[in-house]
Amino acid sequence: MSPESITAAEFRLIRDYIQEHCGICLGDEKAYLIETRLAGLMVQHGCTDFGSFYRLAKGGDSPQLREQVIDAMTTNETLWFRDQHPFSILEEQLLPPLAEEILKGNRFRVRIWSAACSTGQEPYSIAMTIQEFCKRTPGLQPGHFEIIASDISPSALFLAKAGRYDENAIRRGLPDDMKRKYFHPDGQVWKVNDDVKAMISFRKFNLQDSMEPLGRMDIVFCRYVTIYFADDFKRRIFQGLARLLGPGGHLLVSAVESLRGIADEFLPLTHGGGLYYRCEPQNPGGAP
């Protein structure tokens, strides 16, 4: 059997394996996705068909192979300041009241989580937005902000941590003035300045795991993530985010994602044509 061919039975087995380990839900029409993304890995591990590859992944007790499968199946499509609205909302609606609390001495820092951060464009865009806001706000420093950026993909995190982008990646949404201020040339690539990188802590995280160890958050970006998940898993994620944020915390998702019928803990709000959510759980409480 050629590496490009996958039977319906093999597809169901691998599809269920992927959903079990990272939550991604593939419809029956997505067999081609498994073929194109896993064929090379299958051959690399000496398998001649997807059935033997599944048995190796399932029964071999190999965390490394499981990680390779998840890495191959994870979609890492991203760009700078994606959709723009979330960053306008952050700058114009969310940061001002939080900054006021800091300047009054009522809080020490603001914690922001970029979940499923891919190759880093989102958390770096958040950091640049904060840097710009701090420049216009006397007394406020970037050190008042902590950005946690996570992803399930080791290869995506490797690139995000490096903060090095070629010209094609740089051109995808990054304004020229931001490139001049926050990047510098490093050979054939552009590298994020150290003061921006210092604002972000990158870590590997599977959204199936408990969010409690992450601690309380003030703002969560969880965008273009849950569109790949089944409704039950979506509910679990948003319930976890509600506990993480607590009353008054804010959540930003993508324009193609909706919390209607999935998460009653969040109140939808609009600003400048963009949508965001404030956490108002019926039973307040959350991560310490």
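Values in this text are rule-based calculations from the coordinates and carry no lab data. Quantities reported herein were computed from a predicted structural model and do not represent experimental measurements. Note that we place each Cβ from the backbone using ideal geometry, even for glycine, and neighbour counts take in every protein chain shown.
Quick rundown of the values:
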| item | result |
| --- | --- |
| Sequence-distant residues sharing a close amide H with Gly246 (under 5 Å, placed H) | none |
| Rounded Å value of the spacing that divides the Cα centres of segment 69-114 and segment 199-243 | 14 Å |
| Angle in degrees between helix 8-22 and the longest Cα principal axis of the chain, rounded to the nearest 10 | 30 degrees |
| Beta bridges by DSSP in the chain, antiparallel share as percent, to the nearest 5 | 50 percent |
| Sequence of Thr129, Thr48, Thr226 once ranked by neighbouring C-beta atoms within 10 Å, starting from the fewest | Thr48, Thr129, Thr226 |
| Candidates Cys222, Cys22, Cys47: whichever shows maximal mean-square fluctuation once the chain is modelled as a Gaussian network with Cα springs under 10 Å | Cys47 |
| Tilt relative to the chain, helix 231-245 - C-alpha long axis, 0 to 90 degrees, to 10 | 30 degrees |
| Acute angle (nearest 10 degrees) that the helix 31-44 long axis makes with the longest principal axis of the chain, alpha-carbon atoms | 70 degrees |
| Label-zone membership for segment 125-147, site Phe108, 7 angstrom Cα→C-beta point, backbone N under 17 Å | 141-147 |
| Helix-only [θ]222 nm of the chain, DSSP H runs n ≥ 4, -39500 (n - 2.57) each, per residue, nearest 500 | -12000 deg cm²/dmol |
| Lysine pair number, Cα distance threshold 23 Å (strictly under), the chain, separation 8 or more or different chains | 19 |
